[in-house]
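What follows is a short report on a single structure.
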Amino acid sequence: MAQLINLRPDIFRGDDYPIPLEFRRNGIVENITGWKVYFTVKYHDTDSDDDAVIKCDVTEHTDPTNGKTLIMLTNGETGDLVPGKYVFDIQIKKADGTVKTIMKGKVKVIQDVTKREN
């Protein structure tokens, strides 16, 4: 359903982290106009969404007619993360209201060294 263009299992605390996605069904590009993409990171998959350490909702896509979107985590969102292991998932809500979880996994947050701001 979705192809992750560049998802690394580790991220550095405080880094910007782009997650480009491309949606295809049976090799054919899907038009994702009107879709919402949800990216959620938690300590445990049973935690409530209110307790998520990152909640990113994407409603404006980079190229919706060609099935392309970008989940963009900012250094502000990753800067307060405690180094360690987390769970994440990516869920979509199509324009017709259909909801589907397209990916679930683990991500490791690594302590950064540089702390200064330019």
Seminar exercise, completed: Within segment 42-52, the count of residues that are surrounded by 11 or more Cβ atoms within 10 Å (Cβ to Cβ) and either modelled with pLDDT under 95 or of a type in the set (S, T, Y) (or both) comes to 2
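Conditions tested, residue by residue: (1) closer than 19 Å to P18 by Cβ; (2) in contact with a Cys (Cβ under 7 Å, 6 or more places away or on another chain); (3) at pLDDT 95 or above; (4) in a helix (DSSP H, G or I).
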site: H61; (1), (2), (3), (4): yes, no, yes, no
site: G76; (1), (2), (3), (4): yes, no, no, yes
site: L81; (1), (2), (3), (4): yes, no, no, no
site: F88; (1), (2), (3), (4): yes, no, no, no
site: K104; (1), (2), (3), (4): no, no, no, no
site: K108; (1), (2), (3), (4): yes, no, no, no
site: K115; (1), (2), (3), (4): no, no, no, no
site: N118; (1), (2), (3), (4): no, no, no, no
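Rundown of residues vs (1) in contact (Cβ under 8 Å) with a residue 24 or more places away in the chain; (2) touching a Lys or Arg at 6+ places or on another chain (Cβ under 7 Å); (3) closer than 15 Å to I11 by Cβ, yes/no style:
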| position | (1), (2), (3) |
| --- | --- |
| Y43 | yes, no, no |
| D47 | no, no, no |
| D51 | no, yes, no |
| I54 | yes, no, yes |
| P64 | yes, no, no |
| G67 | yes, yes, no |
| I71 | yes, no, yes |
| G79 | yes, yes, yes |
| V82 | yes, no, yes |
For this session: Just need a number here: residues in segment 1-25 that are at pLDDT below 90 and outside any strand (DSSP E or B).
Result: 6
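Go through segment 90-102 and give me each residue that's in a strand (DSSP E or B) and among the hydrophobic types (A, V, I, L, M, F, W, C). Walk me through it before giving the result.
Step one: of segment 90-102, the residues in a strand (DSSP E or B) are 90-93, 99-102.
Correct list: I90, I92, V99, I102.
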Exercise. Could you list, in sequence order, the residues of segment 78-99 that are surrounded by fewer than 16 Cβ atoms within 10 Å (Cβ to Cβ) and farther than 16 Å from D45 by Cα?
Worked result: G79, D80, V82, P83, K94, A95, D96, G97, T98, V99
For this session: State whether one or more residues within segment 94-105 are under 13 Å from G14 (Cα atoms) and hydrophobic (A, V, I, L, M, F, W, C).
Result: no
Seminar exercise, completed: Checked pairs for segment 23-40, first under 17 Å from F88 (Cβ atoms), second part of a strand (DSSP E or B) and acidic (D, E), C-beta under 7 Å and 6 or more apart or across chains, list as K36/D57; Y38/D57; T40/D89
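The values are calculated or read from the model by the stated rules, or taken from the named source; none is laboratory data. Just so you know, these numbers come straight off a predicted model, no measurement behind them. Because the Cβ atoms are built from the backbone with ideal geometry, glycine has one as well, and the counts that use them run over all protein chains shown.
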